[in-house]
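A quick write-up on the structure given underneath.
The values are calculated or read from the model by the stated rules, or taken from the named source; none is laboratory data. The structure presented is a predicted model; accordingly, all values stated were derived computationally and were not measured. We place every Cβ from the backbone using ideal geometry, glycine too, and count neighbours over all the protein chains shown. In case anyone asks, the SASA skips ligands and DNA or RNA and just uses the protein heavy atoms, side chains included. Shrake-Rupley method; radii C 1.70, N 1.55, O 1.52, S 1.80 Å.
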Amino acid sequence: MTRPLRSTSTRLALAVMGAFLLAFVLLGTGVYVAVSTLLLQDARELVRTDAAGLLQLQRDSGRAALVQELRDRLEAPDDPDAVYALIAADGRVEVGDAVSTNAHAMRAGRSVRWMTFELVGDAVPDDGVQSRRVLAQLQPLPGGETLLTGLRLQSQDRFLALMLRTAMVALAVAATLGALAGWLTSRWVSHRLSHLDRTAARVGAGELGLRVPLDGSGDAFDRLGRRFNAMLDRIEELLGGVRHATDHIAHDLRTPLTRLRNRLEDLRHRSDASPAGRAALDGAVQETDQLLTTFGALLRLARIEAQPPAGEGPELDLSALVADAAELYTPIGAERSVRLALTLSPALVRGDRDQLFQMLVNLLDNALKHAPEGSRVGLTLQAGVAAVLCVDDEGPGIPEADRERVFDRFQRLETHRGTPGSGLGLSLVRAIVHRHGGRIALIDRAPGLRVQVTLPLAGDAGRIGRAEPLE
């Protein structure tokens, strides 16, 4: 099961969305800081101009004119956001409302300075906000007094708050667009890689002639597909060389072996042959037959592996094939006092009837060969999500370390190789199962061995992912 956060497509989508959001946040932060700075500079310029006018009035007309001008402006302000106060040297507010709880801190000292404080009390506007920032310039006057000229920043704050709310909405939209862009990007990448994935899957299923379609764009995906196709060409060439060599060797040797067998058969039937010579010839004929059987199996195996998948073959009832194979081997089992027990359910599959029958014959032959006398060989066929065939015997079984090795060509567990056989039976079985889109597994029965073959049912176009042990 694929974990979403470990999926390359998901990580790519998250990376694109994260980059999109990061760029938006950085841009939005830059715009917010720039606008806030610009508004503050404009407010400073307004306060500076207003303060310069009041100072000019004080220099031209004296302190009394300044006090009267401040009172007039406080009683009938031209700008409702303007803030004025005349603070004595002891921190007492001589003119203006008590607009700050920290009036002592509002003395200018010996030089002009700027400060920002919170306006409280009667100056609170009607919008319910309990605090407003004020940008003020503190100008020292003769006699130790301080002239406070300020501007409420409520308009600027409202504009910045509106910007912030708008930015939050835009951020949500950007997150949605980023997620969409990431999803589209991951879909595009997955689509470009899907051709490679499907081709690899079908080539692994046996269609060695398939190649990845190229769009000629020359991008990274197109170059990857071109390299992948070159690799497949090389693999097909090498496999073709091996198969042709095997086919030619088996074919070229089968003809002289057949001639040799015929000559041995002629010698065996001559009247002047002694009993000892006739027995030696019989052994030679049997060995030659075994060699011919081995070369025949090699040829069949090479042809099966070179064929395309059999998923589009005719529909057939696997239970009927199992019953036919069991009927063929019942007399052979009776000779060794081995009973065949069948439990079959109808199972429709698609494929090559002859090859599936060959698979059943090889499995039954192996089971009867290793089953002890008086034992039982079971054949079970069930149909669920797939057709599951089990061949059970009560023989010595196969060690777990050797269960994969026995499928290789010419592999036999008997080191002395005294039992008749070529070591190609299970290789043929696996090749047939794989060509039909199935899986084969060897399961310990303690005692005995279960060979479990899982094949897709007719109408199921997919391949079997893995073989689950049948209870």
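If residue 206 passes every condition in (1) at pLDDT below 80; (2) outside any loop (DSSP other than H, G, I, E, B) but one, which one does it miss?
(2)
Is it true that residue 450 is touching a Phe, Trp or Tyr at 6+ places or on another chain (Cβ under 6 Å) and at pLDDT 85 or above?
In short, no.
Looking only at segment 167-195, which residues are more than 23 Å from residue 28 (Cβ to Cβ) and either of a type in the set (Lys, Arg) or open to solvent by less than 40 Å² (accessible area, probe 1.4 Å) (or both)?
Passing the criteria: 186, 187, 189, 192, 194.
To keep it simple, each residue is scored yes or no on (1) assigned to a helix (DSSP H, G or I); (2) closer than 30 Å to residue 155 by Cα; (3) hydrophobic (A, V, I, L, M, F, W, C); (4) modelled with pLDDT of 85 or more.
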position	(1), (2), (3), (4)
5	yes, no, yes, no
15	yes, no, yes, no
25	yes, yes, yes, yes
31	yes, yes, yes, yes
37	yes, yes, no, yes
41	yes, yes, no, yes
44	yes, yes, no, yes
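I'd like the full set of residues that are open to solvent by 40 Å² or more (accessible area, probe 1.4 Å), without any contact (Cβ under 8 Å) to a residue 40 or more places away in the chain and out of contact with any strand residue (DSSP E or B) (no Cβ under 8 Å at 6 or more places or on another chain), limited to segment 143-166.
158, 162, 165, 166
Which numbered condition in (1) at pLDDT below 80; (2) under 27 Å from the mean Cα position of the chain (by Cα); (3) exposed (fewer than 13 other Cβ atoms within 10 Å of the Cβ); (4) in a helix (DSSP H, G or I) is the only one that residue 217 fails?
All conditions pass for residue 217, except number (4).
Can you give me the number of residues within segment 424-438 that are among the basic types (Lys, Arg) and either in a loop (DSSP other than H, G, I, E, B) or closer than 13 Å to residue 451 by Cα (or both)?
So the answer is 1.
Show the residue pairs meeting these rules: Cβ distance below 8 Å; 6+ apart or different chains; first residue within segment 425-451 and hydroxyl-bearing (Ser, Thr, Tyr); second residue assigned to a helix (DSSP H, G or I) and open to solvent by less than 20 Å² (accessible area, probe 1.4 Å).
Sorted first by the residue in segment 425-451, then by its partner, the pairs are 427/301; 427/407.
So which strands (runs of 3 or more DSSP E) are wholly in segment 314-393 and hold at least 3 residues that are over 26 Å from residue 423 (Cα atoms) and open to solvent by 50 Å² or more (accessible area, probe 1.4 Å)?
Filter on segment 314-393 gives 339-344.
Out of all the residues in segment 265-277, which are open to solvent by 80 Å² or more (accessible area, probe 1.4 Å) and either closer than 30 Å to residue 350 by Cβ or not hydroxyl-bearing (Ser, Thr, Tyr) (or both)?
Of everything in segment 265-277, those that are open to solvent by 80 Å² or more (accessible area, probe 1.4 Å) and either closer than 30 Å to residue 350 by Cβ or not hydroxyl-bearing (Ser, Thr, Tyr) (or both) turn out to be 266, 269, 270, 272, 275.
Condition test on residue 287, is it open to solvent by 80 Å² or more (accessible area, probe 1.4 Å) and over 30 Å from residue 371 (Cβ atoms)?
no
Going through 238, 301 one at a time, which residue ends up being out of contact with any Pro (no Cβ under 7 Å at 6 or more places or on another chain) and surrounded by 12 or more Cβ atoms within 10 Å (Cβ to Cβ)?
Going through 238, 301 in turn, just one is out of contact with any Pro (no Cβ under 7 Å at 6 or more places or on another chain) and surrounded by 12 or more Cβ atoms within 10 Å (Cβ to Cβ): 301.
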